[in-house]
Every structure is written in C-alpha cells, then in structure tokens.
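This report refers to the structure that appears directly beneath it.
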Amino acid sequence: MAEQHLNNFIDYISHEKKSSKHTVLSYQTDLFQFQNFVEKELSNTDLLSINYLIVRSWVAELLDTGISARSVNRKLSSLKSFYKYLLKNNLIKINPLQKIVGPKSPKKLPVFVDELNMEELFKAIEFDEGFIGLRDKLLLDVLYQTGIRRAELIGLKEQSIDFYSLSLKVLGKRNKERIIPVSLGLKRNLEQYFQVKKSMGLVNPCVFVSPKDKDLKEAEVYKIVKKYLSLITTLSKKSPHVLRHTFATHLLNNGADINAVKELLGHANLSATQIYTHNTIEKLKKTYKQAHPRSGE
C-alpha cells in the first residue's frame, strides 16, 4: 500500500507538476530511503500512520551517518512534499512533518570563476580541432553568457534562438519559459556553428549535439565544462552550475539590477538570487582594504 502511494506521488510530480527527471529521481531516492527506515524501525511500511517522532529519528540517523545538514534538509523537503500531497488527497489527517525543523547548515557562498580567468578561457585556451572544439567553446560561452542550467542547455533547440531580436527562449523548471538576450558576438559564434553543423549533415533540432547527431547527455556536458575550467582555475568545483554562478556574480559585480538578474536566472523568488550579492560585498571589502589608507588600522 505504501509503495503504491509513493508511486502515485512520483507520477503526480512527473506528469502534473512537470518536474525534471533529476528532481523526480531525487524524490524517489529520498522517499524510498525513508520507507526503508520506517520498515526497519517499525517492522512495517505504513507511511500513513507515522508521527513526527519517527521523522526526527530518521533525521538523527542521517546526521549520525555523516550526511550534511544541507542534504538532510533536501530529503526533508522531499518528505514534506509527499505528505502535503497525502494531506491534499485526504489520505492523512495530520502532517507528521508539521513539527519538524531541519538542521541548520552553514551558508556557503556560490563558487564562481574570476573575470580574468573567464577572459583567458575564450582568448588564450586552445580548443580541440574541428566540430567538437567549435561546439565545446560555444557550449561554454552560452553557459557563461546566459546563465542557463545544464538541463536547459541540453534541451535548447535551434528554433529557440531568434537572431533578429538577439534573444533565446529557454524552457526552465516547471515548464516556465523565459527570454534571455544574446550578444552580437555570441550571435556570430552561433551562426558559424550552425553552418558547420549543417555542412556535416547534422539535423538534430537541439543546438548542442554529438558528431553522430545524438543529444548530449548531462555527463558529457559536465565532462566538457570540467575539462576546460581545469585549465584556468583551481576551484574544487568545475561544473556547469559554476558557470551559472559566475554569470550571476559578474552581472551583479558590474552593477546589474538584482531583479533583472533574478529574471535572467529564472528564479521564482528574489531570495534565491540574493545569495550572489554576498560575493559582491566581498569584492567591495577587498577593494576597500586595498584602496583606503586607513583600512588596515
């Protein structure tokens, strides 16, 4: 019975909520992990009759095994969504997550690449020859100049790019569309890439494809980004999301309005964007210490 409720919920977030495959997989992992815990502790899998004490015990066990507070809070978020779904469908009367407060986790500033390093990437680094090198350089440029997510990049279609208005249309989380401006330089690079792509007989409607005309996988995009960021930075993280952080941080550092950055990133709430202002503040502090005569006193 419990497994049926879990499967119904997964179907709900997949088809009605239109959650991404990555999000759905995370929910599945977290919820079935909790189900296994309940079965181990209570010798049954009746998720409809548990109380908040069971949830607290699960949280304690997760923390004891070394799982970070941030990961625990993500798992609790999955659980909260599931029990809200049960409550909404009158399958339970009391939400066992109502009294649960997640563990506090230290706030980490988003990791980003310095502007000079990004300039070095596009002006000094040698990319592979032929189609793959052209594609990889453009892929990095699109991520940096637009701040789109990895999944959005993979799903980006040729028809989504409007060269006349210098913009591209992105389908983001929860199927929410947003328009992002495209620079003249990026327009020229895209046009050159499309010419080469066409000359090779590649007809896949996705912008970024393999030489065999297949969609790029998430792991492939990650591998490309890591390969080239490793040449310009010593950051421990070298993922596509780092370029998204870099996009937002560089915009704010150069005076962009935070509400505009919020729209460009496709954030639902301003609070998600405000974390990037901390990097801006740190830059101001550094400038102050370097420039003010009495900053060292």
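Worth pointing out:
- Stokes-Einstein D in µm²/s, Kirkwood radius over Cα pairs - the chain at 37 °C with 0.692 mPa s viscosity: 148 µm²/s
- Candidates Val113, Ser49, Ala124 compared by Cα position along the dipole of the chain: farthest toward the positive end lies Ser49, with charges placed on Cβ.
- Across region 124-163, the residues whose backbone nitrogen lies under 20 Å from the label position 7 Å along the beta-carbon direction of Lys21 are 148-158.
- Test item: Cα-centred dipole of region 87-129, Lys/Arg +1 and Asp/Glu -1 on Cβ, debye: 1180 debye
- Spacing of the two label points (7 Å from each Cα toward its C-beta) at Asn269 and Lys157, in nm: 3.3 nm
- Built amide H within the under 5 Å cut-off of Lys157, gap 5+: Val207
- Cross-link pairs beyond the 24 Å C-alpha cut-off, checked among Lys123/Lys237; Lys107/Lys227; Lys17/Lys169; Lys21/Lys108: Lys107/Lys227; Lys21/Lys108
- In degrees, nearest ten, helix 21-42 long axis to first principal axis of the chain (Cα): 30 degrees
- Nearest 10 degrees, 0 to 90: helix 218-229 Cα axis against the chain principal axis: 50 degrees
- A Förster radius of 41 Å combined with the Cβ-Cβ distance from Thr277 to Glu3 puts the calculated FRET efficiency at roughly 0.40.
- Taking label points 7 Å from Cα along the Cα-to-Cβ direction, Glu119 and Asn204 give a separation of 3.5 nm.
- 0 to 90° range, to nearest 10: angle between helix 52-64 axis and the chain longest Cα axis: 50 degrees
Values quoted throughout were computed directly from the atomic coordinates according to the rules given, and no laboratory measurement underlies them. Quick caveat: nothing in here was measured; it's all calculated off a predicted structure. As a convention, Cβ positions derive from the backbone with ideal geometry for all residues, glycine included, and neighbour counts pool all protein chains shown.
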